[in-house]
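Each value in this text was obtained by applying a stated rule to the coordinates, not by laboratory testing. All of these numbers come straight from a predicted model, not from anything done at the bench. Cβ: placed from backbone, ideal geometry, glycine included. Neighbour counts: every protein chain shown.
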Ligand code: SAM
Ligand code: SF4
């Protein structure tokens, strides 16, 4: 592989979307820093601007196209190279490559980041217009790259990539390809290195993280092995699929003191017909059974979810079913989205996007109100309890004189600043709660 090793070029990278994209940006930084590029914080200082894009929900492409135009406008005709990375690169490949009005220089899909130095080289040295690599790999896991992480409290680590589930609304299987996992040994080696960089918490990432499988090892094995690393005190994971929670995994989470007691359980809909159209592969009853199994093992387990409102043909009565499940389960919090038709998905091909925008809005507003009341009620149950909190930063919620951190159950806690540092654990007695945060006082 030919690499420009003495480039002296400065790069600015902007990241949209999920934690996996944040993590991929850390991989991209590591790959390009090795090739002697420097990353800068100011876009105007950069020779190259890279946009690490997301294609999951509405307007993503319009935002990015606007952003490309904006970057050129700010430069007033001075040259700047623009690179498009991430899910949109694969999702909108034809338009990105063929649209002559889009002034971009290179395009790299999620499995092609090792080729970035070459792609940049092709644009600069060989003057190729729109150099690209959008190949999806069945093997690439970047297990040989140690990401260039910002120092902090939590380290992301992708343990698997891609998705085989083909939920009908979702672009991920097309933009990120098939599932593949890294070996336990390789992940544990990276986690050990993380602890020597000062991280106490690791979040295991994957598009369908609990379907992790490498040789004989499953996700429960992985959690057990990672928890044996000295210095790691908290293990989180995201995003799991409800279909992949064998009892052995739930038991491993419940029993392991380092596994955080929070499970994100994306429900999407509370109606069986809609779940079937979404190809979620579980019914409402099976979802309830899973919640019961979790609560039997660990009654205080925090649970959060994702919901899509206005999926094609969803009726008012079917939406009411989702409300019923939300009221019955009482999730700690929920990410609620309006269905947005995504190019290339099964839903785009088979089901007209026929729920009116006004109805989607009505449903999302209603569900958000219901969830807010549930979140407040759940948060208030913590008043009077004492929680171990990992300090993350000065609080954005109140003032500079407050700190914030998270409980094991992933709740944000705000407390008065004292002689504590980021990355310390302290015990906080909860004295108040709002919809989004707990407030409290440190105790010895
Ligand atoms: N893998 C996870 C799972 O199985 O649920 C979710 C990953 S996806 C990046 C995050 C969330 O985005 C999904 O749970 C879903 O609620 C939402 N989402 C994905 N595609 C969507 C679409 N076309 N319209 C609206 N929301 C969508
Ligand atoms: Fe998308 Fe479904 Fe895969 Fe999650 S499990 S990434 S929603 S296809």
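The calculated P(r) of the range 315-393, using every Cα pair and 10 Å bins from 0, goes 14, 34, 28, 15, 8, 0 in percent. Using the rule -39500 (n - 2.57) for each DSSP H run of four or more residues, divided by the residues of the chain, the 222 nm mean residue ellipticity is -10500 deg cm²/dmol. Taking the C-alpha atoms only, the angle from helix 357-380 to the longest principal axis of the chain is near 50 degrees. Within the range 213-272, all pairs of alpha-carbon atoms sorted by distance into 10 Å bins from zero give the percentages 20, 52, 22, 6, 1.
Once you divide the Cα radius of gyration of the range 1-70 by 2.2 N^0.38 Å, the number left is 1.20.
Sorting the segments 109-122, 86-99, 234-247 by their residues' average number of neighbouring beta-carbon atoms within 10 angstrom, most packed first, yields 109-122, 86-99, 234-247. Each semi-axis of the equivalent ellipsoid for the range 105-166 is √(5λ) with λ an eigenvalue of the Cα gyration tensor; in descending order they amount to 26, 18, 9 Å. Size of the range 68-112 from its Cα atoms: along the principal axes, largest to smallest, the extents are 33, 18, 13 Å. Taking Cα atoms only, the orientation of helix 316-329 departs from the longest principal axis of the chain by about 60 degrees. Label the range 148-284 by shape, choosing from rounded, prolate and oblate, from the square roots a ≥ b ≥ c of the eigenvalues of the Cα gyration tensor; if a/c is under 1.5 it is rounded, and otherwise prolate applies when a/b is larger than b/c, oblate when it is not. It is prolate, given that a/c is not under 1.5 and a/b is the larger ratio.
Helix 284-297 and the long axis of the chain differ in direction by around 70°, with both axes built from C-alpha atoms. Spread over its residues, the convex hull of the C-alpha atoms of the range 57-153 is 161 Å³ per residue.
Over the range 117-209, the hull volume per residue, using the convex hull of the C-alpha atoms, is 139 Å³.
Counted over the chain with a bin width of 20 Å, the fraction of Cα pairs per bin, in whole percents, is 23, 56, 21, 0. The ratio of the alpha-carbon radius of gyration of the range 235-306 to the globular-protein estimate 2.2 N^0.38 Å is 1.11. Every Cα-Cα pair in the range 41-102 was counted, and those over 12 Å apart are 69% of them.
Here the range 370-444 is described by how far its Cα atoms reach on the three principal axes: 38, 23, 17 Å, from widest to narrowest.
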